[in-house]
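Worksheet: one structure, shown below.
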Amino acid sequence: VKPMTPRCTVPKAVPVGKTASLHCHENEGYPKSTYSWYRNSEPLSPDTKSNAKLQNSSYTVNPTTGTLVFHAVHKGDTGRYSCIATNDAGFAKCEEQEMEV
């Protein structure tokens, strides 16, 4: 069963240096969906160390729960965030939401 449009929760504004949690979830898809996050339409890699552009970002993505956590946000984390739920039957994307730092 193809995933439904996931529900995305993105904080509107987060002070520099604070923790920010972004959530993405849908429960219609079968088998269970995995989740991937995008900032300004660019995929956020689960591995920040291997991507030069992300070396200053301190975040973790959990593809199973759909949670994206920034441990200490900085100005560069400002942007439009969206999430895609994917399973064997297809995928669905939530609308982009702005997060300001």
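Of all residues in the range 79-101, those being assigned to a loop (DSSP other than H, G, I, E, B) and either modelled with pLDDT under 95 or buried (at least 19 other Cβ atoms within 10 Å of the Cβ) (or both) number 1. The residues in the range 1-17 that are assigned to a loop (DSSP other than H, G, I, E, B), surrounded by 13 or more Cβ atoms within 10 Å (Cβ to Cβ) and charged (D, E, K, R) can be counted, and the count is 1. Across the range 40-68, the qualifying residues are those that are at pLDDT 95 or above and open to solvent by less than 40 Å² (accessible area, probe 1.4 Å), and the one among them that is nearest to the chain's Cα centre (by Cα) is LEU68.
The values are calculated or read from the model by the stated rules, or taken from the named source; none is laboratory data. Given the structure is predicted, the values throughout are model-derived calculations rather than measurements. Reconstructed Cβ throughout: ideal geometry from the backbone, glycine too, with neighbour counts over all protein chains shown. The protein model used for the area step is the full one, side chains on, heavy atoms only, and it has no ligands, DNA or RNA in it. Shrake-Rupley method; radii C 1.70, N 1.55, O 1.52, S 1.80 Å.
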